[in-house]
1. Restricting attention to the stretch A:191-216, report how many residues are over 27 Å from A:Pro66 (Cα atoms) and either assigned to a helix (DSSP H, G or I) or at pLDDT 90 or above (or both).
2. For the stretch B:166-188, which positions are at the interface with chain A (Cβ under 8 Å from one of its Cβ atoms), in contact (Cβ under 8 Å) with a residue 24 or more places away in the chain and within 30 Å of B:Ser74 (Cα to Cα)?
3. Considering only the stretch B:594-614, I want to know if a residue exists there that is touching a helix residue (DSSP H, G or I) at 6+ places or on another chain (Cβ under 8 Å) and under 19 Å from A:Leu175 (Cα atoms).
4. May I ask you to verify whether A:Gly257 is within 14 Å of another protein chain (Cβ to nearest Cβ), touching a residue at least 40 places away in the same chain (Cβ under 8 Å) and under 30 Å from A:Leu141 (Cβ atoms)?
5. Look at the stretch B:72-129 and say how many of its residues are in a loop (DSSP other than H, G, I, E, B), away from chain A (no Cβ under 12 Å) and either over 23 Å from B:Pro207 (Cα atoms) or of a type outside the set (Ser, Thr, Tyr) (or both).
6. Tell me whether the stretch A:51-65 contains one or more residues that are closer than 25 Å to A:Leu201 by Cα and either out of contact with any His (no Cβ under 9 Å at 6 or more places or on another chain) or not basic (Lys, Arg) (or both).
7. Could you tell me whether the stretch B:55-78 includes any residue that is within 30 Å of the chain's Cα centre (by Cα), surrounded by 15 or more Cβ atoms within 10 Å (Cβ to Cβ), at pLDDT 80 or above and of a type outside the set (A, V, I, L, M, F, W, C)?
8. Quick check: is even one residue across the stretch A:222-229 more than 14 Å from chain B (Cβ to nearest Cβ), within 16 Å of the chain's Cα centre (by Cα) and not hydroxyl-bearing (Ser, Thr, Tyr)?
Amino acid sequence: VYLVFTTNYFPWLTIIVFLPISAGSLLFFLPHKGNKLIKWYTICICILEVLLTAYAFCYHFRLDDPLIQLEEDYKWINFFDFYWRLGIDGLSIGPILLTGFITTLATLEAWPVTRDSRLFHFLMLAMYSGQIGSFSSRDLLLFFIMWEFELIPVYLLLSMWGGKKRLYSATKFILYTAGGSVFLLIGVLGLGLYGSNEPTLNFETLANQSYPVALEIIFYIGFLIAFAVKSPIIPLHTWLPDTHGEAHYSTCMLLAGILLKMGAYGLVRINMELLPHAHSIFSPWLIIVGTMQIIYVASTSLGQRNLKKRIAYSSVSHMGFIIIGIGSITDTGLNGAILQIISHGFIGAALFFLAGTSYDRMRLVYLDEMGGMAVSIPKIFTMFSILSMASLALPGMSGFVAELIVFFGIITSQKYFLMPKILITFVMAIGMILTPIYSLSMSRQMFYGYKLFNAPSSYFFYSGPRELFVSISIFLPVIGIGIYPDFILSLSGEKVETILYNYFY
Amino acid sequence: MEHADQYSWIIPFVPLPIPILIGMGLLLFPTATKNLRRMWAFPNILLLSIVMIFSLDLSIQQINGSSIYQYVWSWTINNDFSFEFGYFIDSLTSIMSILITTVGIFVLIYSDNYMSHDEGYLRFFAYMSLFNTSMLGLVTSCNLIQIYIFWELVGMCSYLLIGFWFTRPAAANACQKAFVTNRIGDFVAKSAQFPLHVWLPDAMEGPTPISALIHAATMVAAKIFLVARLLPLFIVIPYIMNLISLIGIITVLLGATLALAQNDIKKGLAYSTMSQLGYMMLALGMGSYRAALFHLITHAYSKALLFLASGSIIHSMEAIVGYSPEKSQNMVFMGGLRKHVPVTQIAFLVGTLSLCGIPPLACFWSKDEILSDSWLYSPIFAIIAWSTAGLTAFYMFWIYLLTFEGHLNVHFQKYSGKKSSSFYSIKLWGKEEQKIINRNFRLFPLLTLTMNNNEQPYTIGGKKEAQGMHLDILSKLLTPSINLLHQNSNDFEDSYQFFKNATFSVSIACFGIFTAFLLYKPFYSSVQNLNLLNSFVKRGPKRILLDKMIYLIYDWSYNRGYIDMFYSISLTKGIRGLAELTHFFDRRVIDGITNGVGITSFFVGESVKYLGGSRISFYLLLYLVYVFIFLVISYFILF
């Protein structure tokens, strides 16, 4: 045992991937002693998983090494060379840690869920596994399988817990993403089967492979569509507001915090890393789409009456910065995009969480019905103001650093001429003016003003330390990254340079 | 004392622990924190005084041997991009930090009493020290990114402070307006100037100490500071300099005209602030850097004094007319307060006189300098600036007279049939006496500020008169940064010229004051006749034209020059329309396509289900049809 723990051959990642779902399946064998046991069990599993991840990454991951680490390679299906191949690098370590963090908090947040809580918590844990699996897989087909696997719990979570139109939105979600997955599968098979007789699915081998330009473009489009649905990129975003509007808020936290980031992660991991030529052809279009997305979605967000839909649109708008960062093909821009992935993971999740907690008390969905809530729930008001400030990129918070770095990425990019750069910067600046308009008017409509509530005090249940703890523990990393962004940048810096190496040499 | 510069990075961080502690305390242990209440004000003021002493030390050093210190740390370590943090100490920084800390301390002392009955006392102090922190950070920052960062933080603090009374819908709107305008101002690089001034009067929704702190003394000054900081960049491009001075002169005129017809005392003062800021911008645009900063400092103290005095008035009025800001800040209800609040009256009078530019007081020196510089720059601008100086005197005295002279108008309202019971007037006298006693502590900062106002010219301006330009402290302080600019303005002012200008400007100010008295009298007497409308009727047909003119100006001013209306129509409606449009597009077109695909596939599925409904007769029919088609085709092919 000693030997196993000291060498790097201990299968850390496999354990990390399998722990939540296998421990979650034990939930069904727990005695029927009420929901409390289930909740505590799930939270303990989540915390254990986070600690395990943190331990493994602390002691077995070296930041200065841009190569794959903690690698595992087992042959799974013999006849077409399918391997169980896991590994992490600077790009995936951030999202994995984010996943652990957000999922734990979302489980804690799901405390009020009483209906079918056994299944609910199992699905949360299954989703946990699926997400970590897709972030850490090093094999194209495995990536696809994990990607698909993680849809099932999300679909069930959407269709069983949530608002009145949840079936509609769950169906929409599954159709959209399954439709995207078709393109992903086409891309995966195309990449894997190209060239040699034996399928090559390993990321490393694929990264060094080159394709005819036309074929590469076709692959690129396939992957782009799949990731654009997930990210989402306009015009494939309409599943998102519906889904977020109807879902239970701990599902929303997972969706906004992690699921959307999978699309952006996929864009960097596959489109940028494996298909560099096509990416440099497509990157101007990505930037144009990204800037349009910021403006378009921000102004759509203003027109929303539903609180959660408005937050959902705001997260789509923030995804625009990631797309721009990815499209800029500069070190700075890509670092900014990765930072934005992490930062929005925290901020988006926190906003949904706060919307959910205030919904618990007010039972109001539409913004124009709300008002004057600051008097009755001052703490939520405080946290909501702080985090909407974070969302509108107030300096000192993580969103600002990410957006600033993306800005610099665009400005310093050598790929584009001066005029387009100025134009893009200008449009982004308009977006940054629109952002405070919608997010501050959201908080104004919710909290400011005065209104007499004759709601009975029984609505004010579940108040207190749990919610405060969740919001503060999201707030701390937000401000931590905002003040010292090297936390995240040091994780991804080396890897980003390696990815961009392909573009310049 | 070399080490003072090395440790000056600490300046912005000294007041920081207070908001953090209060914030954490309010979130985690609300009751315990609230019980301490007044205790929090003390460390707040203490820390700020430490900063003040520190910056005094710094500026003494700057006077002795003016040198620029800069120190930089790297913030992000990466090969391709690096952001740096650091501090930058020069004379401008030291002056600004003295200004911020002194005004800040007075406002804190004042608001301890002013806010003592407010529920959000602690929240208020947390916001205030956060504001001071970010202001100090702004003035010590060493690069543009850092300036932007602290600028945004200042904007956030003003958002919080303006929206302090969040149950008031007007405050909610005003704070959002302030933040958004500030954001726009980030990209345009200046605000509270002509196109972007709209938030300033609305910002008066905050508590009065805030109005004093933000909107008179520091925050708007920050904008001037920014332009002053960037002036070495701008000065190479004459276009920008001209643009700055043009904006300045428009702001001067607009602010002064808009201030004429404000009923709200704070809004009137706010527009006067705007007008004075215009003077500073004008001075900067003309290249007289020193005059602009001098005016910035003198104006900050005078305006802080005026605002604090008006806060005192408002508090005493609240007891009489009720707590609605439409009433307690309304000058129509005031009048004759001189008898009841004599100390405040003196303070207000001093502030007013200073702002009008009456000699021994601070603003005279600075304004005079700007005005005389403007002759050199462009005669048209100079004429506008001079006449606006008269206008300033007019409206400031108008405010003063309405507030303190005559009789309390609430009194008369009762007779003129509005609903206010005689109960108020009885209550008034007793309350007032108490108020004055209560307010003694609050008046302390007022008095100090008054003294400040008087001292200012003797320390800065006084020396100027005695020893000529080159030796006065301010210009000595600013020499390193204005080497480029000040040689042309220096030789100009010999004492003869100075006296000529001074007499001219004082006479204009006196003219303004005189007009104010003149116009005030009939109004006052008409009130005495208990008939406001009669006075307009009595004047006879000759004056109808004049009345129309007055009415026109009044209307323009009352509606805030229609600029707000223009914005609300063009921008707010525009954005709202855009939002509706995109929302519609998103719903109907993009989502419509998706739903359309869904519905189509549903119908296709249904029809296929219908077709494949396992009815033998239907299959037979289909079979026969195909056989028939096959026969027909084969018939055609064969023959």
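1. Number of matching residues: 4.
2. Within the stretch B:166-188, B:Phe179, B:Arg183 qualify.
3. yes
4. Working: within 14 Å of another protein chain (Cβ to nearest Cβ): no; touching a residue at least 40 places away in the same chain (Cβ under 8 Å): yes; under 30 Å from A:Leu141 (Cβ atoms): yes.
Against the criterion (within 14 Å of another protein chain (Cβ to nearest Cβ), touching a residue at least 40 places away in the same chain (Cβ under 8 Å) and under 30 Å from A:Leu141 (Cβ atoms)), A:Gly257 does not qualify.
5. Of the stretch B:72-129, the ones in a loop (DSSP other than H, G, I, E, B) are B:75-83, B:90, B:115-120.
Checking the rest, the ones that are also away from chain A (no Cβ under 12 Å) come to B:90, B:115-118.
Retained after the next criterion (residues that are either over 23 Å from B:Pro207 (Cα atoms) or of a type outside the set (Ser, Thr, Tyr) (or both)): B:90, B:115, B:117-118.
So the count comes out to 4.
6. Looking through the stretch A:51-65, at least one residue is closer than 25 Å to A:Leu201 by Cα and either out of contact with any His (no Cβ under 9 Å at 6 or more places or on another chain) or not basic (Lys, Arg) (or both).
7. Yes, because at least one residue in the stretch B:55-78 is within 30 Å of the chain's Cα centre (by Cα), surrounded by 15 or more Cβ atoms within 10 Å (Cβ to Cβ), at pLDDT 80 or above and of a type outside the set (A, V, I, L, M, F, W, C).
8. Yes.
The values are calculated or read from the model by the stated rules, or taken from the named source; none is laboratory data. As the structure is a prediction and not an experimental result, all values here were calculated from the model. As a convention, Cβ positions derive from the backbone with ideal geometry for all residues, glycine included, and neighbour counts pool all protein chains shown.
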